[in-house]
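Each remark here refers to the structure printed beneath this line.
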Ligand SMILES: *[C@@H]1O[C@H](CO)[C@@H](O)[C@H](O)[C@H]1NC(C)=O
Ligand SMILES: *[C@@H]1O[C@H](CO)[C@@H](O)[C@H](O)[C@H]1NC(C)=O
Ligand SMILES: *[C@@H]1O[C@H](CO)[C@@H](O)[C@H](O)[C@H]1NC(C)=O
Ligand SMILES: *[C@@H]1O[C@H](CO)[C@@H](O)[C@H](O)[C@H]1NC(C)=O
Ligand SMILES: *[C@@H]1O[C@H](CO)[C@@H](O)[C@H](O)[C@H]1NC(C)=O
């Protein structure tokens, strides 16, 4: 029997966690920062413009977004969201009657890193919140409408372990309508495929944490500590995305946590002497976003397909950021953050600016799922210590749960179901 659960993300997530902690705690961080400032200063005066031009090989002229964007008819749309309503701007409402949208025990596809109840979480409060936009209401998630729409089609999620969480949430939201013998889920390398046989539909996940080729691409064994991403390599993975009717990308966390600079390979991973330049995280990220958009432009038909990009998933590693106790994190958090202006750590802002810039210059209708702010409020929704651990815990860890709480990933059912409700809203009511 094939196991429905992929073995790939765990290694990734746990090493990512380690790395993030290291980045935060390392006494060498300040030194590295200083060294980087010196480095970038030298680089800037010597060759920054040159490198930047080579990396940014976009053929698109910069375009300003027209002031009054006229609504274009997007594929799959069945209606429209109220004019001027930003569905990502709103508040969480306690709704025990209508949430959760499914039970953890009733969806066999959730990987054991996300089944919080099974791993002893003592309460379920995180399951009962519903997102309420300020300007309108979200359409209710209609699984049969989505399945009918996917008949004879492929929906594909591409990205990292957070996107895998959203993918699994989507499968959980749909699978109840399909009989046991008419569905399956299999993983082969980077690709996981859920099949709804009677619908001739697939919902797929493709592991590519940077979208571009990197030395972290093996779905099981990753080189995390010294990450290198290869410029101009989008087709390496992109050839596996061709033919998808609905694509949902994400990529963010793996670009973080390197301190301040990022290694970009100019040639090939097979080169004996590697030609590597170091960029700020923002410039490296911008390069990847532009590559992704170019791939989309060259391979997707805006009249028949839809492309989404899910924004940055926030983590809750430092409780002081929301006015909590000194050394805490998401561990033991069971309430949401009430301050509507809460944002969290600042690095998210500069990446958000990059996203805003790159997307506004694109003339392909890519739909941005701006889930960062609404997820920022949800310090209660992480898996914390209630997940399958990848190595046995040490007595020191057990004595101090804060030390091993996962404040990056999210329990299912939970927050990521809302991301899919928003995806549903933007797909059918753009
Ligand atoms: C869900 O969508 C189907 C069409 O596929 C429609 O027949 C049904 O009425 C919808 N259900 C609700 C509650 O809107
Ligand atoms: C099933 O879907 C694929 C696309 O995913 C399509 O190419 C194929 O023609 C479909 N087959 C049938 C029998 O509808
Ligand atoms: C897995 O994918 C590879 C190609 O990427 C293919 O050669 C192999 O047959 C696949 N294995 C299974 C079990 O489907
Ligand atoms: C968890 O938080 C509550 C307050 O919300 C506190 O009373 C309790 O001691 C905390 N438990 C642990 C194990 O930190
Ligand atoms: C996403 O939403 C936040 C506020 O919720 C806003 O500050 C930001 O500009 C938005 N980002 C984009 C790219 O639209």
**Request:** Consider residue 338 carefully, then state whether it is more than 16 Å from ligand 2 (Cβ to nearest atom) and out of contact with any helix residue (DSSP H, G or I) (no Cβ under 8 Å at 6 or more places or on another chain).
**Result:** yes
**Prompt:** Quick one: is residue 144 in a loop (DSSP other than H, G, I, E, B) and under 16 Å from residue 173 (Cβ atoms)?
**Reply:** no
**Message:** If a residue must be within 23 Å of the chain's Cα centre (by Cα) and either assigned to a strand (DSSP E or B) or surrounded by fewer than 16 Cβ atoms within 10 Å (Cβ to Cβ) (or both), how many such residues does segment 249-281 contain?
**Reply:** 7
**Prompt:** Looking at this structure, is residue 232 surrounded by fewer than 22 Cβ atoms within 10 Å (Cβ to Cβ), in contact with a strand residue (DSSP E or B) (Cβ under 9 Å, 6 or more places away or on another chain), in contact (Cβ under 8 Å) with a residue 12 or more places away in the chain and assigned to a loop (DSSP other than H, G, I, E, B)?
**Reply:** no
**Message:** Given (1) closer than 23 Å to residue 390 by Cβ; (2) part of a loop (DSSP other than H, G, I, E, B), identify the lone condition not met by residue 242.
**Reply:** (1)
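Yes/no per residue for (1) over 21 Å from the mean Cα position of the chain (by Cα); (2) at pLDDT 95 or above:
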| site | (1), (2) |
| --- | --- |
| 306 | no, yes |
| 309 | no, yes |
| 322 | yes, yes |
| 327 | yes, no |
**Item:** Odd one out for residue 292, checked against (1) more than 23 Å from residue 169 (Cβ to Cβ); (2) in a helix (DSSP H, G or I); (3) touching a residue at least 40 places away in the same chain (Cβ under 8 Å)
**Value:** (1)
**Asked** Is there a residue being surrounded by fewer than 16 Cβ atoms within 10 Å (Cβ to Cβ) and more than 17 Å from the chain's Cα centre (by Cα) anywhere in segment 354-361?
**Response** yes
**Request:** Report, ordered by the first and then the second residue, all pairs with beta carbons closer than 6 Å, sequence separation of six or more or different chains, a first member in segment 185-205 that is closer than 17 Å to residue 241 by Cβ, and a second member that is modelled with pLDDT under 95.
**Result:** 187/6; 189/219; 190/219; 192/6
**Message:** more than 27 Å from residue 281 (Cβ to Cβ) and surrounded by fewer than 20 Cβ atoms within 10 Å (Cβ to Cβ): is that true of residue 349 in this structure?
**Reply:** no
**Item:** Any pair with Cβ under 8 angstrom, 6 or more apart, that starts in segment 346-360 at a residue that is modelled with pLDDT of 95 or more and ends at one that is within 16 Å of ligand 1 (Cβ to nearest atom) and not in a helix (DSSP H, G or I)
**Value:** none
**Item:** Number of positions in segment 126-152 that are touching a residue at least 60 places away in the same chain (Cβ under 8 Å), surrounded by fewer than 18 Cβ atoms within 10 Å (Cβ to Cβ) and in contact with a strand residue (DSSP E or B) (Cβ under 9 Å, 6 or more places away or on another chain)
**Value:** 0
**Residues within segment 156-192 that are more than 16 Å from ligand 1 (Cβ to nearest atom), at negative phi and not in a helix (DSSP H, G or I), tallied** = 14
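The values are calculated or read from the model by the stated rules, or taken from the named source; none is laboratory data. The structure displayed is predicted, hence computed values, not measured ones. Positions of Cβ are backbone-derived with ideal geometry, glycine not excepted, and every protein chain shown enters the neighbour counts.
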